[in-house]
Amino acid sequence: MRPRSAVLLPAGVFLVTFSGLMFEIGLTRFHEYFVAAHVTPAEFAIYAVGILQLPILGMLVQSVVEVMLIRGAEAFKNGDRAALRETWMTAVERLAAVLAPAWALAVLLAPDLVGLLFGSAYLAAVPIFRIFSTTVLLWIIVDHGVLRATGDTGYLVKANAAGLATSVVV
């Protein structure tokens, strides 16, 4: 017979992972479920097109943050706060150099972009796309990278919980 911990440990790991996954889905996707519950399928299709994100930008941000995490954690471990700050500022500058112009182009070319990708039937999504595109500018800050590099993830949990609660309430 296997020890009880051999059975309970995998179950505990699964529950923690599953809970984290459900939290992440709620935090990032709650607005979609809310809108879908309150509009027609045709209106939701317009909304879904409007909240389109350009995946290449997300991959860029993720890559920059991963490099920042490695360099930032090393600087923090060595007690070099100036290097940690410099690492963060470099990441912010590089992201701003790409994301700000990408946002401006997306807003400027929104009708053409939506029309090209989805057809003229979805041009009603352009105002939603323009508004939602401003979230790209928030990616520039990458504050979570510094918190993760320093091991201060408790604040991230609290901030994400507050964000989820706000999404549900609003």
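Listed values, structure above:
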{"item": "Accessible surface ranking that places the most exposed of Leu123, Leu52 first, with a 1.4 angstrom probe", "result": "Leu123, Leu52"}
{"item": "Solvent exposure, largest accessible area first (probe 1.4 Å, DNA, RNA and ligands not counted), of Thr87, Thr40", "result": "Thr40, Thr87"}
{"item": "Solvent exposure, largest accessible area first (probe 1.4 Å, DNA, RNA and ligands not counted), of Ile128, Ile51, Ile141", "result": "Ile141, Ile128, Ile51"}
{"item": "Cα→Cβ-extended label distance, 7 Å offset, between Lys77 and Ile56, nm", "result": "3.5 nm"}
{"item": "Sequence-separation-based contact order of the stretch 88-133, relative, with Cα cut under 8 Å and 6+ spacing, percent", "result": "33 percent"}
{"item": "Calculated FRET efficiency for the pair Asp112/Leu164, C-beta based, R₀ 25 Å, to 0.05", "result": "0.10"}
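The values are calculated or read from the model by the stated rules, or taken from the named source; none is laboratory data. Predicted model only: the values in this text are computed from it and were never measured. For neighbour counting, all protein chains shown are included, and Cβ atoms are generated from backbone atoms with ideal geometry for every residue, glycine included. The accessibility values were calculated without ligands, DNA or RNA, using every heavy atom of the protein model including side chains. Shrake-Rupley method; radii C 1.70, N 1.55, O 1.52, S 1.80 Å.
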